[in-house]
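Down below is the structure, laid out as structure tokens.
The values are calculated or read from the model by the stated rules, or taken from the named source; none is laboratory data. Here the structure is a predicted model, which is why all the values come from computation and not from measurement. All Cβ positions, glycine included, derive from the backbone under ideal geometry; neighbour counts span all protein chains shown.
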């Protein structure tokens, strides 16, 4: 009986350790130098056109991956875009909160591929000196993420896409870049990320119509344990 209890205890401990090793948490933040090119209007009156200056904006995110079959992995992201116009009274601000559920279809030392869905809550304000308009709305989006790396080499390429295109409205958010792993193999490892991000807006929400592109380079830091 004692041997059976000891064997059961060891088996439980090994199972818990294996489960803990398979659970991964990623968290990070990016600084994004972005600018706007395009038009935005409220009830037919232009609120913003070309001529906005680039500004430094940010994104923060966390995602959790686990080995439990059929249950999707989860990610949460917050992004802020604040673009200043040519005058002090011109401003465009977009805030988004993304909740993503996804599955890992490939996960090895060379290739990783994830796909799922994102529920994006969009909140925006537009000011041009005479008009101050805000709008908000939910956006269900498709999600895909991929990585390509080399075994035993601390550099990988990555790409991510969130996009929606229904009933004539389009909202695309994509990025591509490189990540350099500073201390691979540690319990808490860090990576420096750099790349290019672009958002394509072509939609109408709460009488606000947007046909614009927001894009620029970003630099970030990601932790993983």
Using the structure shown, decide if residue 125 is over 20 Å from the mean Cα position of the chain (by Cα) and part of a strand (DSSP E or B).
-> yes
Just to be sure, is residue 82 over 18 Å from residue 172 (Cβ atoms), at pLDDT below 90, part of a strand (DSSP E or B) and touching a strand residue (DSSP E or B) at 6+ places or on another chain (Cβ under 9 Å)?
-> yes
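Pick out the one residue from 216, 195, 223, 137 that is over 30 Å from residue 42 (Cα atoms), touching a residue at least 40 places away in the same chain (Cβ under 8 Å) and in a strand (DSSP E or B).
223
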